[in-house]
Amino acid sequence: MRIPVLTIDGPSGAGKGTVSRLAAKKLGWHYLDSGSIYRSLAIALQNASVDLANENEIIIVAQAMVLEFECNDELVARLNGENITSQLGLESTGNLASQIAVLPDVRRVLLQKQQDFKRPPGLVADGRDMGTVVFPDAENKVFLTASAAKRAERRYKQLIEKGIDANLVDIRNEIEERDRRDMERKAAPLVIACDALYIDSSDMAIEAVVEKVLNLIR
């Protein structure tokens, strides 16, 4: 039985998570937030006080961690039974996740965890290399992006609404640095799959982006 897969790749802050969750809900498919897998590992490493220079220790933690994801209106993540949802969105978590994502052996350990999410009736997978590395044979692929300025503005508003102190300039600098690191890394760099639909969401409402993605499926 062939299980359909929709991949939505793109840089941080482009709206992949929101679009992917809404698309998965409308389609009745499973949902994979690959970024949360790397962010969960970042949290696990922090909890274990692992030195990032020790790649063997990172791999041991990655192999041992038990992850559970629940996707309702918002993503709920549990690491070894503990709810870590509130920590996933922290800039420090995202920066650490981006650093460990450049390690090829770590990516290999987490690859199977991601592919295991492919189950009937279908899967919507969002990340940076879903359509190029994790599910290269996916029938439907999207590359969703937005300008760095727009992504920083969205992130700033999210943090302020949650009561978290934030600096717009710092957020934009961090986004641009993360983009550079993701595009230049040797292991599964952020690139546009040759068969992906390119969408720039800078001046688009979320609903319009979701409709464009669903039209691809139809």
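The values are calculated or read from the model by the stated rules, or taken from the named source; none is laboratory data. Just so it is clear, the structure is predicted and the values come from calculations on it, not from any experiment. Cβ: placed from backbone, ideal geometry, glycine included. Neighbour counts: every protein chain shown.
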Exercise for the section: Report, by residue number, each residue of region 125-145 that is buried (at least 22 other Cβ atoms within 10 Å of the Cβ), among the β-branched types (Val, Ile, Thr) and over 19 Å from residue 218 (Cβ atoms). Expected result: 132, 134, 145
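Matching residues to (1) farther than 15 Å from residue 188 by Cβ; (2) surrounded by 19 or more Cβ atoms within 10 Å (Cβ to Cβ):
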| position | (1), (2) |
| --- | --- |
| 69 | yes, no |
| 81 | yes, no |
| 94 | yes, yes |
| 101 | no, yes |
| 105 | no, no |
| 123 | yes, yes |
Practice task
Pick out the one residue from 108, 78 that is charged (D, E, K, R) and touching a strand residue (DSSP E or B) at 6+ places or on another chain (Cβ under 6 Å).
Solution key: 78
Practice task
Please go through region 45-58 and pick out each residue that is free of Cβ contacts under 8 Å to residues at least 40 places away in the same chain and either surrounded by 21 or more Cβ atoms within 10 Å (Cβ to Cβ) or among the hydroxyl-bearing types (Ser, Thr, Tyr) (or both).
Solution key: 49
Exercise for the section: With the checklist (1) farther than 22 Å from residue 10 by Cβ; (2) under 14 Å from the mean Cα position of the chain (by Cα) in hand, flag the one item residue 21 doesn't pass. Expected result: (1)
Exercise for the section: Mind counting the residues in region 176-213 that are assigned to a helix (DSSP H, G or I), more than 20 Å from residue 153 (Cα to Cα) and touching a helix residue (DSSP H, G or I) at 6+ places or on another chain (Cβ under 6 Å)? Expected result: 3
Problem - Yes/no for residue 171 being more than 17 Å from residue 129 (Cβ to Cβ), part of a helix (DSSP H, G or I) and touching a Phe, Trp or Tyr at 6+ places or on another chain (Cβ under 7 Å) - result: yes
Practice task
Starting from region 152-178, take each residue that is hydroxyl-bearing (Ser, Thr, Tyr) and list its partners that are part of a helix (DSSP H, G or I), counting only C-beta distances under 8 angstrom and pairs at least six apart or across chains.
Solution key: 156/168; 156/171
Exercise for the section: Sort through 190, 168, 197 and tell me the only one that's of a type outside the set (Lys, Arg), at pLDDT below 90 and surrounded by 12 or more Cβ atoms within 10 Å (Cβ to Cβ). Expected result: 190
Exercise for the section: Please go through region 10-43 and pick out each residue that is over 24 Å from residue 158 (Cα atoms) and surrounded by 20 or more Cβ atoms within 10 Å (Cβ to Cβ). Expected result: 29
Completion exercise
Exception for residue 120 within (1) of a type outside the set (A, V, I, L, M, F, W, C); (2) under 24 Å from residue 27 (Cα atoms); (3) in contact with a helix residue (DSSP H, G or I) (Cβ under 9 Å, 6 or more places away or on another chain) falls at (3)
